[in-house]
Every structure is written in C-alpha cells, then in structure tokens.
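The values are calculated or read from the model by the stated rules, or taken from the named source; none is laboratory data. Quick caveat: nothing in here was measured; it's all calculated off a predicted structure. Heavy atoms of the whole protein, side chains included, go into the accessibility calculation; ligands, DNA and RNA do not. Shrake-Rupley method; radii C 1.70, N 1.55, O 1.52, S 1.80 Å.
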Amino acid sequence: MLKRVRGGYKVYSKSTKKPLSKKPKSKAAAMKQLAAVEISKMKKKKQEPKLPKRGERAKKNKKYTKKKKSST
C-alpha cells in the first residue's frame with residue numbers, strides 16, 4: 001500500500017500498517033519496491049513446505065508412535 005508522506009511516498013503493509021520503507025521515495029521508486037515485496041511474498045509461499053498441525057507428525061511417523069504390548 002502506498003501512502004503519500006512529506007517528501008514523497010512510502011510503502012506500508014496492509015495488515016499491520018507498518019512502514020516497509022525507511023525514507024520517502026518518488027512514486028516510481030515506491031511502486032518498484034511494492035512490486036518487489038509482492039514478488040518476494042509469492043516466492044516465499046511457493047518455497048515453504050506445509051508442516052503438519054500439532055500432533056499429526058507423531059501419528060504419521062512410526063518412530064514416535066506408542067507400541068502396543070502383546071499379551072502372550
């Protein structure tokens with residue numbers, strides 16, 4: 001999200017409203033930075049492996065499952 005500030009434009013996050021740029025920039029430079037942020041977000045989403053929810057890992061992995069005692 002771009003916001004006009006004194007001295008130019010700044011890039012802010014939509015959800016947390018924190019500034020993603022330190023110094024005010026020209027509109028063209030701010031648009032380039034915003035595009036770079038979006039590209040890095042897409043790359044990060046593709047690279048992150050989906051981890052199982054809490055407790056699911058132990059169920060799938062035999063090493064961590066409880067063994068039943070045989071009654072013979």
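What percentage of the solvent-accessible surface of segment 4-51, computed with a 1.4 Å probe over protein heavy atoms, is contributed by carbon and sulfur atoms? The nonpolar share, carbon plus sulfur, comes to 58 percent. For the residue pairs LYS3/LYS32; LYS10/LYS45; LYS10/LYS32, the C-alpha atoms sit more than 18 angstrom apart in LYS10/LYS45. Between LEU20 and VAL11, TYR12, SER13, the built amide H atoms are under 5 Å apart, and every one of these is 5 or more places off in sequence or on another chain.
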